[in-house]
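S.K.: Okay, handing you the structure first.
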Amino acid sequence: VINTVWFIVLAFMLAGYAVLDGFDLGVGALHLLLGRNTRERGRLIDTIGPVWNGNEVWLLAAGGSMVVAFPHLYAASFSGFYLALMIVLWLLVLRGLGIEFRHQIDHDMWRQAWDVAFSLSSALLALLFGVALGNVLRGVPLDEHGEFQGTFSLMLNWFALLGGVLSVALLSMHGAAWVVVKTDGPLQARARRFAGALWWVAMALLAAMIAASFVVRPDFTANFVQYPWLLLAPAITAAAAIAIKYFQGRQDGGRAFAASATLIAGILASVAAGLYPRLLPAGPGSAHPGLDIYNAASPEGSLRTALAIYLWGLTLVALYQVTVYRLWRGKARDVYE
Amino acid sequence: VVAEVGRQPWIVYGLRRTTEATSQNVTAGMTIFTLFGFMGLYALVGLLYLLLVLRIVHAGPGGGHAHEPSSAPGTGDGLDNAHAAAGKARS
């Protein structure tokens, strides 16, 4: 039971990360297109300025919960995806530098350089997170010790790349929805158009990804057949997808963003529901049944102790984040005109 | 450094050797690549940091360009205004 609780905690952390850091990665990916000049781009940075680093806490916490609860998963994935994870780390550094350094020197070339660094690293991060999730869904070739070597030729398969492109489109749409909430005037109008157009792209890619999943993972439906109430997750996802378009049409930015957040959480919940109890499934050519919440877990005593501590930590983070978002509610002012 | 060198060859003192703790699937070439990657990145960030600190020191107190704007994040207008107001109050 405690293993299942930890599975839910881990899925919750990752979904929280995707929803929260998702929109600021999306703002970053659209940064150069959405902001037409350094002034508009400065305002875009301001919309995520107070919250982006708090959002990234969720990724660290998800990594932390992997060490505590599923150390074998952590060992296998961090060794196997070693180079990819180091690149993710460098991109996260570069992106943070872009946000923090761009306003340090009042010179257009300096700002432009950091704008490009920030935007490219954000877009690449969105892509890599999608590729990573695609590979987890597809499964990796585990050896008899439950480890694998994630070469780039292995990781950059068509299924994972489709996941990567879907991730970029979804998070960009999510980011545009955030900008609609946090700005006004011409920038908001442009963000509206972006969010509207990106909805079609994201939906087409999502449909393609779902169809591809049935081909790559035909066993994925087993959990839904056995426990039909799990179908709630894909149902909520579908409802959220329609709700986004509906609220976009009514120019209700706040609800459109909430629906977009629900869509992303719903997709991850659906993936988790289908994956359970597997954590890192074995791909073709494996000498191992795959890592699941039992064979990758810590001893039960550790799981219990860690959960008690973890829930306190999670509560603190949630309180802190609610405070920050309340403190910085309202529009990012246009201080540039 | 003393702590790290002093405990060799143990990674967990008396329990586990460093050679037993290395990843099977991460090659020496990969770690050299990331080592140089980190060195390059940190050197770049370190140089930029020095550049920015020297600019602030060079500008001296009260003058030059703001680095932590108070009312207008992203531009520096806020702190300039604050400085102007403070200057007026003093005179």
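S.K.: Among A:Val57, A:Val67, A:Val225, whose mean-square fluctuation peaks in a Gaussian network model of chain A (Cα, cutoff 10 Å)?
M.R.: Looking only at A:Val57, A:Val67, A:Val225, the biggest GNM fluctuation is shown by A:Val225.
S.K.: Ordered by residue, what ³J(HN,Hα) values in Hz, to whole numbers, does the range B:16-28 give under the Karplus form 6.51 cos²θ - 1.76 cosθ + 1.60, where θ = phi - 60° and Gly and Pro are x?
M.R.: With the stated coefficients, the range B:16-28 comes to 9, 7, 4, 5, 7, 9, 6, 5, 6, 9, 10, 7, 4 Hz.
S.K.: For the range A:236-276, what mean projected area does the convex hull of the alpha carbons give, in nm²?
M.R.: 2.3 nm²
S.K.: How about the range A:223-307: which trypsin sites (Lys or Arg not before Pro) there lie in a loop by DSSP and see at most 14 other Cβ atoms within 10 Å?
M.R.: The qualifying sites are A:Arg250.
S.K.: Can you tell me the orientation of helix A:82-101 relative to chain A, as the angle in degrees between its alpha-carbon axis and the longest Cα principal axis, to the nearest 10?
M.R.: Roughly 20 degrees, rounded to the nearest 10.
S.K.: Further, regarding this structure: For the range A:1-112, take N as its residue count and report Rg(C-alpha) divided by 2.2 N^0.38 Å.
M.R.: 1.29
S.K.: Mind checking Rg over Rh on chain A, alpha carbons, Kirkwood formula for Rh?
M.R.: In chain A, Rg relative to Rh is 0.97.
S.K.: Using a 10 Å cut-off around each Cβ of peptide A:100-109, what is the average number of partner chain Cβ atoms that fall inside?
M.R.: Counting Cβ atoms of other protein chains within 10 Å of each residue's Cβ and averaging gives 4.
S.K.: In angstroms, what radius of gyration and Dmax does the range A:66-197 have, counting Cα atoms only?
M.R.: Calculated on Cα positions, Rg and Dmax stand at 18.2, 59 Å.
S.K.: OK, next. Step through the residues of the range A:246-255 one at a time and calculate ³J(HN,Hα) from phi using the Karplus curve (6.51 cos²θ - 1.76 cosθ + 1.60, θ = phi - 60°), rounding each to whole Hz and writing x for Gly and Pro.
M.R.: Those phi angles translate into 4, 6, 4, x, 8, 6, 9, x, x, 5 Hz.
S.K.: Considering every residue in A:86-93, what mean count of other chain Cβ atoms within 10 Å of its Cβ is obtained?
M.R.: 3
S.K.: Now, a different point. The range B:1-38: which chymotrypsin sites (Phe, Trp or Tyr not before Pro) are DSSP loop and have at most 16 other beta-carbon atoms within 10 angstrom?
M.R.: B:Tyr13
S.K.: Mean separation of Cα pairs under 8 Å and 6+ residues apart, divided by the residue count of the range A:224-324: what relative contact order is that in percent?
M.R.: 20 percent
S.K.: Now, a different point. In the range A:214-277, which chymotrypsin sites (Phe, Trp or Tyr not before Pro) are in a loop and have at most 15 other Cβ atoms within 10 Å, using DSSP for the loop call?
M.R.: When the chymotrypsin sites (Phe, Trp or Tyr not before Pro) of the range A:214-277 are filtered for loop state and at most 15 Cβ neighbours within 10 Å, nothing remains.
S.K.: I would also like to ask the following. Would you grab the residues whose amide H sits under 5 Å from the one on B:Ile11? Only those 5+ places off in sequence or on another chain, please, with H modelled 1.01 Å from N.
M.R.: B:Arg16, B:Arg17, B:Thr18
S.K.: Among A:Leu205, A:Leu125, A:Leu327, which one moves the most in a GNM of chain A with springs linking Cα atoms closer than 10 Å?
M.R.: Ranking A:Leu205, A:Leu125, A:Leu327 by mean-square fluctuation puts A:Leu327 first.
S.K.: Sorted from fewest to most neighbouring beta carbons within 10 Å, what does the list A:Arg190, A:Arg36 look like?
M.R.: Ascending Cβ contact count within 10 Å gives the list A:Arg36, A:Arg190.
S.K.: Quick check of the Kirkwood formula: for the range A:187-315, what is the inverse mean of 1/r over all pairs of different Cα atoms, in Å?
M.R.: This gives a value of 17.5 Å.
S.K.: As a footprinting exposure proxy, order A:Leu263, A:Leu124, A:Leu206, B:Leu51 by other Cβ within 10 Å, with the fewest listed first.
M.R.: Least crowded to most crowded, the residues run B:Leu51, A:Leu206, A:Leu124, A:Leu263.
S.K.: OK, next. Taking chain A as a Gaussian network, where each spring joins two C-alpha atoms under 10 Å apart, which residue of A:Ala241, A:Ala189, A:Ala62 fluctuates the most?
M.R.: With Cα springs under 10 Å in chain A, the top fluctuation among A:Ala241, A:Ala189, A:Ala62 is at A:Ala189.
S.K.: When the Karplus curve 6.51 cos²θ - 1.76 cosθ + 1.60 is applied with θ = phi - 60°, which whole-Hz ³J(HN,Hα) does each residue of the range A:103-117 get, with x for Gly and Pro?
M.R.: 9, 6, 10, 7, 8, 4, 5, 4, 5, 4, 4, 6, 4, 5, 4
S.K.: Still on this structure, please answer the following. Quantify how strongly other chains surround peptide B:23-35 by giving the mean number of their Cβ atoms within 10 Å of each of its Cβ atoms.
M.R.: Mean partner shielding for this stretch: 4.
FYI, it's all coordinate maths here, none of it is from the lab. Predicted model only: the values in this text are computed from it and were never measured. Cβ atoms come from the backbone with ideal geometry, glycine included; neighbour counts cover every protein chain shown.
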